[in-house]
Amino acid sequence: VPAVPVLFKQALENTETEEGKSVSLRCELSKADATVVWKKGEATLQASAKYEMKQKGTVAELVIHNAEPEDA
């Protein structure tokens, strides 16, 4: 039986914030607890004091703390 692909039920939306504040980016997947990799361009983001990754069920969230223009 072929694996069913994981699809986006709700894609990321552009979000604005003020410099120095935190911003949250969320997407919803068609399968709970699917593996999510967050990238900026070709670079894979790693959990750190700046980047916080959360996942609950089908919702994946990236929180960027202390946002800077380079985070666009």
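The values are calculated or read from the model by the stated rules, or taken from the named source; none is laboratory data. A quick note: this is a predicted structure, and the numbers were derived from the prediction, not measured. Please note: Cβ atoms are built from the backbone with ideal geometry, for glycine as well, and neighbour counts cover all protein chains shown. The area values use the complete protein model at the heavy-atom level, side chains included, leaving out ligands, DNA and RNA. Shrake-Rupley method; radii C 1.70, N 1.55, O 1.52, S 1.80 Å.
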By the scheme Lys and Arg +1, Asp and Glu -1, what is the net charge of all other residues having a beta-carbon under 14 Å from that of residue 62? +1
Keeping to pairs on different chains or 8 or more places apart, tell me how many lysine pairs in the chain have Cα atoms under 15 Å apart. 7
Residues other than residue 50 with Cβ under 12 Å of its Cβ, Lys/Arg counted +1 and Asp/Glu -1, net out at -3
Checking rank on 59-72, 12-25, with mean other Cβ inside 10 Å and highest first, the result is 59-72, 12-25
Which whole-Hz ³J(HN,Hα) couplings does the stretch 61-72 yield from phi under the Karplus relation 6.51 cos²θ - 1.76 cosθ + 1.60, θ = phi - 60°, glycine and proline marked x? 9, 10, 10, 9, 8, 6, 4, 10, x, 5, 7, 4
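So what is the accessible area of the chain per residue, in Å², with the probe set to 1.4 Å?
78 Å²
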